[in-house]
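These notes are about the structure you will find just below.
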Amino acid sequence: MHVIFITPEAVPFSRVGGLGDVSFQLPRSLARRGHQVTVVVPKHRGSDRMKLTEIPQWRSELDLSLSRREARFFYGDTGDIHRAVLVGCDDLFDRPGVYGNEFGDYDDNAERFIFFSRAALLAAGKLPEPDEEVIVHCHDWPTGLVPMCLNNWRDAFPSLETAATVFTYHNLASQGLFLHYDFAMTGLDWSCFTYEGLEFHGQMNLTKAGLMSADIITTVSRKYAAESLTPAFGMGLEGVLRHRRDDIMPVLNGVDYGQWDPTTDRYIAANYSEEDLSGKEECRRNLAAVFGFNNSTMPTVGMVCRLLPRKGLDLVVKALERMMDLPINAAFMGLGEIHYQDFLQDAALRWPGRLGYKKANDLGLTHHILSGSDMFIMSSRFEPCGLEQLYALRYGAVPVVRGTGGLDDTVIDVLDNPDQGTGYKFVDFSPESFLEVLSRAVDDYGRKDIWRGLVVRGMKQNYSWDQAARLYEDVYKKALDLAQNRDS
C-alpha cells in the first residue's frame with residue numbers, strides 16, 4: 001500500500017504534542033513493514049533544520065475566495081525510511097507556534113488549515129504510482145476537510161480515483177469550529193454546508209467534515225471510542241459518531257521502546273530489567289537526591305503531565321493533604337495553569353523533604369521520574385489514549401489511574417485480577433476513590449513478593465508501534481474494501 005499521511009504536525013519538522021510523535025512513529029513502522037509512506041505536513045517555522053528540497057514544478061495558486069495564496073512544496077528528510085512532503089506558505093506557517101501563541105489560537109486558523117488541506121490534497125494527487133493501493137490517512141480537525149474535498153473532487157485526481165480515506169480523531173476537545181462564512185474558502189459547493197455535511201449549529205466543523213466523509217474512522221483506544229458515543233465525551237459530535245459507529249475502528253498508539261527502555265536508557269542513573277531490578281533502587285536514590293527527599297527508602301509516587309483540569313489536577317489538589325498522610329515521597333513535574341503551578345510550589349514548601357515540584361517540561365527529568373518512582377499517577381478526567389502510563393509500565397512504576405479512555409484499555413486492575421494485574425484503577429472522579437486505590441497500592445508495596453510480581457508483569461507488557469502498524473494494516477484493508485464497493 002501507499003499510505004499518504006496528512007497531519008498538522010510531525011517530528012522531526014514540528015511538534016506540539018503526541019500527534020507530532022504519532023506522525024513519525026506510525027509512518028516509520030508502516031514503512032518498515034514494506035509499505036510506501038509519505039507524510040504531508042505544513043512547513044512550520046523551524047522545519048528547515050532538516051534537509052528540504054523544493055519541488056518547483058508543483059507550485060500552485062489556490063483561490064481562497066477573498067484571497068489567492070501560492071502553495072510551495074518541498075521534499076523533507078525524515079531521518080528514516082519514510083518520506084515527507086512539506087506544504088509551504090510563509091505568511092500562514094512561518095510563525096512561532098503551530099496552532100497559536102501565548103495569547104491563544106491564531107485568528108486565521110480557518111484560512112491556514114483550509115489552505116493546508118487543499119494543498120495537501122494537491123500533493124497527494126501527485127504521489128501515487130500506477131496500480132498502487134492508496135490510503136489517504138488524515139489526523140484531527142486541521143485535516144478533516146481532506147476526505148470531503150476528495151469525495152467531491154475525485155474526478156480532478158485520477159491517481160486517487162480508487163483511494164480510500166481514513167480519519168483519526170485523537171481528541172474531540174478540539175474540533176476546528178469556525179464561522180459559516182469561512183466555508184467559502186473551502187471551494188466546496190454550499191450543498192456541503194448542511195447537517196449531513198460539515199455544518200454544526202450554524203458553524204463550520206472541520207472534525208465533522210472528516211467524520212462524515214472518510215471511509216473508515218479510527219480513534220486511539222477502545223474505551224475512548226465507546227465514551228465518544230456519549231454526551232459526556234462526544235463534545236456535541238456523539239450523534240455523528242453513533243451514526244458512523246459501524247465504521248469506527250479503535251487502535252491504540254504505541255511506544256518507541258528504542259527511546260523508552262530502562263535496560264538501555266542513557267538518561268537514568270542505572271539500567272535495569274524485569275530480571276534484575278537492582279538498578280531501580282539506585283534510580284530511586286538518585287530521584288530522592290534530585291527532589292530533596294530525606295528518606296529514599298519510602299515508596300515514591302511520580303506525576304508528570306500538563307497542569308490542566310482535564311489531567312485531574314483539581315482532584316490532586318483536593319486529595320493532596322490526605323495523600324501526604326501516607327508514608328510516601330511525591331515527585332511532580334509539569335507546566336500549565338498558573339494556579340496549579342503555584343499550588344505545587346507551595347506544597348513543596350509545606351512538605352519539605354517529602355514532596356518536590358519541578359516547574360518544567362524536561363525529557364531527561366521525565367526519564368528520571370519514571371525510573372525512580374514506584375507508582376505513577378494519572379488521574380485524568382478523560383484520556384483518549386495516554387502514553388505516560390505505557391512508559392510507566394515499562395519502567396516498573398506501577399500506574400495508579402482513572403479508568404477512562406486508553407488508561408482503562410492498557411492498565412489491568414490488580415484489585416479485580418490479582419494474578420494478571422499491572423496497576424490500580426479508580427472510576428469515580430473523586431478524591432475518595434483516588435485515595436482508596438492509592439492507599440491500597442502503598443499497602444501492597446510493603447508486600448515485596450506481590451509487589452515484585454506486579455512490577456514485572458507491567459514491564460513485560462508490549463505496546464510497540466509495530467503492533468499498532470499491524471492493526472492499521474487491517475484498518476486500511478477494510479477502508480480499501482469499502483472504497484472498492486463504493487466505486488462499483
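Derivation of every value follows stated rules applied to the coordinates shown; laboratory data play no part. Note that the coordinates shown come from a computational prediction; the quantities given were computed from them, not determined experimentally. So basically every Cβ, Gly included, is an ideal-geometry build from the backbone, and we count neighbours across all protein chains shown.
Only the Cβ atoms of Lys and Arg (+1) and of Asp and Glu (-1) were treated as charged; on that basis the dipole of the chain about its Cα centre amounts to roughly 820 debye.
In the distance distribution for the chain, Cα-Cα pairs more than 29 Å apart total 51 percent. Peptides 155-166, 77-88 ranked from most to least packed by the mean count of surrounding Cβ atoms within 10 Å: 77-88, 155-166.
Could you check how many percent of all C-alpha pairs in segment 380-469 are farther apart than 18 Å? Show your work: numbers first, answer last.
Values: 1628 of 4005 pairs.
When every Cα pair of segment 380-469 is considered, 41 percent fall beyond 18 Å.
Could you tell me the relative contact order of segment 129-181? Use alpha-carbon pairs under 8 Å, at least six residues apart, and round to a whole percent.
On the way: 49 pairs, mean separation 26.1, N = 53.
Across segment 129-181, relative contact order equals 49 percent.
Counting only helical runs of four or more DSSP H residues, what would the 222 nm mean residue ellipticity of the chain come to if each run contributes -39,500 (n - 2.57) and the total is spread over all its residues?
Working: 17 runs with 181 residues, N = 488.
When only DSSP H runs of four or more count, the value is -11000 deg cm²/dmol.
Only Cα pairs under 8 Å and 6+ residues apart enter the sum, and on that basis the relative contact order of segment 1-66 stands at 37 percent.
Using alpha carbon coordinates only, what is the Rg to Rh ratio of segment 133-195, with Rh defined as the Kirkwood radius?
Details: Rg = 12.8 Å, Rh = 13.0 Å.
Taking Rh as the inverse mean 1/r over Cα pairs, Rg/Rh reads 0.98.
Simple point charges give the picture: +1 on the Cβ of Lys and Arg, -1 on the Cβ of Asp and Glu, and for segment 248-406 a dipole about the Cα centre of about 440 debye. Percent of alpha carbon pairs in segment 233-331 separated by more than 21 Å? Value for segment 233-331: 60 percent of Cα pairs lie more than 21 Å apart.
Between ALA226 and GLU275, what length in nm is gained on full extension when 0.36 nm per residue of separation is reduced by their alpha carbon distance?
Details: separation 49, 0.36 × 49 = 17.64 nm, distance 3.72 nm.
Length gained between ALA226 and GLU275: 13.9 nm.
Quote to one decimal, in nm, the extra length available between THR53 and LYS318 on full extension: 0.36 nm per residue of separation minus the C-alpha distance between them. Intermediate values should be presented prior to the final figure.
Working: separation 265, 0.36 × 265 = 95.40 nm, distance 5.33 nm.
Once the chain is fully extended between THR53 and LYS318, it gains 90.1 nm.
For segment 248-298, a simple Cβ point-charge model (Lys and Arg +1, Asp and Glu -1, everything else neutral) yields a dipole of about 260 debye relative to the Cα centre. In the neighborhood of ILE268, defined by Cβ-to-Cβ distances under 15 Å, what is the net charge if each Lys or Arg adds +1 and each Asp or Glu adds -1? Result for the local shell: -2.
Could you sort the peptides 175-181, 212-218, 349-355 by per-residue average Cβ neighbour count (10 Å cutoff), highest mean leading?
Values: 175-181: 16.7, 212-218: 24.6, 349-355: 14.6.
Result, highest mean Cβ count within 10 Å first: 212-218, 175-181, 349-355.
For segment 180-222 and segment 371-406, compute the distance between their C-alpha centroids and round to whole Å. Centre-to-centre distance over Cα atoms comes out at 34 Å. Evaluated over the Cα positions of segment 89-189, the convex hull gives a direction-averaged projected area, one quarter of its surface, of 7.4 nm².
When the charge dipole of segment 215-355 is built from unit charges on Cβ atoms (+1 for Lys and Arg, -1 for Asp and Glu) and taken about the Cα centre, the candidate among ASN294, MET249, PHE233 whose Cα reaches farthest toward its positive end is PHE233. Taking label positions 7 Å along the Cα-Cβ direction at both ALA184 and ASP362, the computed distance is 5.2 nm, reported to one decimal.
Arranged from highest to lowest average of other beta-carbon atoms within 10 Å per residue, in what order do the peptides 63-74, 106-117, 374-385 appear? Before the final figure, lay out each step's value.
Numbers: 63-74: 15.4, 106-117: 20.9, 374-385: 24.7.
The densest-packed peptide leads the list: 374-385, 106-117, 63-74.
Length gained on full extension, ILE450 to LYS478, computed as 0.36 nm times the residue gap minus the Cα-Cα distance: 5.8 nm.
Remind me, what semi-axes does segment 63-130 give for its equivalent ellipsoid, largest first in whole Å, using sqrt of 5 times each Cα gyration tensor eigenvalue? If you can, show how the numbers build up before the last one.
Numbers: eigenvalues 116, 59, 17 Å².
Value: 24, 17, 9 Å, ordered largest first.
Considering Cα pairs under 8 angstrom that are at least six residues apart, work out the relative contact order of the chain and quote it in whole percent. The value is 12 percent.
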